[in-house]
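In what follows, a single structure is set out as structure tokens and then discussed.
The values are calculated or read from the model by the stated rules, or taken from the named source; none is laboratory data. As the structure is a prediction and not an experimental result, all values here were calculated from the model. Here the Cβ positions follow ideal geometry from the backbone for every residue, glycine too, while neighbour counts run over all protein chains shown. Side chains are part of the model used for accessible areas, which takes the heavy atoms of the whole protein and leaves out ligands, DNA and RNA. Shrake-Rupley method; radii C 1.70, N 1.55, O 1.52, S 1.80 Å.
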Amino acid sequence: MHLRFSQDIKSLLERLAEQPLTLGAILAETSERGFSLVIALLVLPFLFPMPPGFTGPFGAACLLLSVQMLLGRRSPWLPQKIANYKFPRPFAQVILQNLRRITKVLEKIARHRWGKIANHPWIWRLNGLCISWLTILLISPIPLTNPFPTVGILLLTVATIESDGLLMCIGYVITALITILFGFITYGLWLAPGLLPSIFK
């Protein structure tokens with residue numbers, strides 16, 4: 001069975017074949033699910049080496065959407081300049097194809113379950129809080145750590161779209177573990193402040 005996440009990605013790939021995609025168009029087409037779908041699109045490139053200039057705008061847009069979830073909004077909003085941003089077609093195609101591959105893996109474990117948790121009104125806000133926090137960790141200037149919060153965000157976005165309460169709970173545990181990991185890394189850098197500059201040499 002194809003889940004909603006797969007259907008959304010398939011639809012976006014079909015549209016991309018005809019015209020460039022904008023974040024605003026994706027949000028308009030996917031409505032409430034657009035929060036999670038666009039956040040997934042924005043963070044996926046962090047799993048790979050990012051082209052110069054993309055980290056800041058992608059991170060800012062992701063944080064803006066997740067904070068709206070935290071505040072309880074169900075209709076996503078982006079500033080016009082960001083909403084009208086057109087993904088370069090080859091770049092968008094690579095991102096969507098990679099997201100589709102990851103979704104196929106997650107489909108094996110994601111399904112609608114633990115509905116009392118997944119559909120609780122405060123869970124939407126909690127997911128927004130976790131994604132916002134992970135995004136802050138993602139854009140923090142600590143090298144070689146991007147994949148950790150990215151995986152956590154992708155897990156929570158899929159769980160949110162598929163209303164999978166169990167996967168959400170797993171996502172909360174992973175968020176806590178990632179936070180502890182960053183705490184250890186930050187403490188280590190505080191003990192050895194010269195380590196970070198030496199990594200960039």
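Of everything in segment 148-173 that's among the hydroxyl-bearing types (Ser, Thr, Tyr) and modelled with pLDDT under 95, which residue is nearest to Phe46 (Cα to Cα)?
It comes out as Thr150.
Scan segment 143-152 and tell me whether some residue there is part of a helix (DSSP H, G or I), open to solvent by less than 50 Å² (accessible area, probe 1.4 Å) and within 21 Å of Arg33 (Cβ to Cβ).
So far as segment 143-152 goes, yes, one or more of its residues are part of a helix (DSSP H, G or I), open to solvent by less than 50 Å² (accessible area, probe 1.4 Å) and within 21 Å of Arg33 (Cβ to Cβ).
Among the residues of segment 174-199, how many are open to solvent by 70 Å² or more (accessible area, probe 1.4 Å), at pLDDT 95 or above and touching a helix residue (DSSP H, G or I) at 6+ places or on another chain (Cβ under 9 Å)?
Of the residues in that region, 1 qualify.
List pairs: first residue in segment 83-96 and closer than 17 Å to Glu14 by Cβ, second residue part of a strand (DSSP E or B) and open to solvent by 80 Å² or more (accessible area, probe 1.4 Å) anywhere in the structure, Cβ distance under 9 angstrom, at least six positions apart or on different chains.
Close Cβ pairs satisfying both conditions: Ala92/Lys86.
How many residues does segment 65-76 contain that are surrounded by fewer than 17 Cβ atoms within 10 Å (Cβ to Cβ) and under 13 Å from the mean Cα position of the chain (by Cα)?
Of the residues in that region, 1 qualify.
Take Leu156 and decide whether it is open to solvent by less than 30 Å² (accessible area, probe 1.4 Å) and over 23 Å from Ser75 (Cβ atoms).
So Leu156 fails the test.
Determine, yes or no, whether Leu155 is closer than 16 Å to Leu37 by Cα and either of a type in the set (Gly, Ala, Ser) or under 15 Å from the mean Cα position of the chain (by Cα) (or both).
yes
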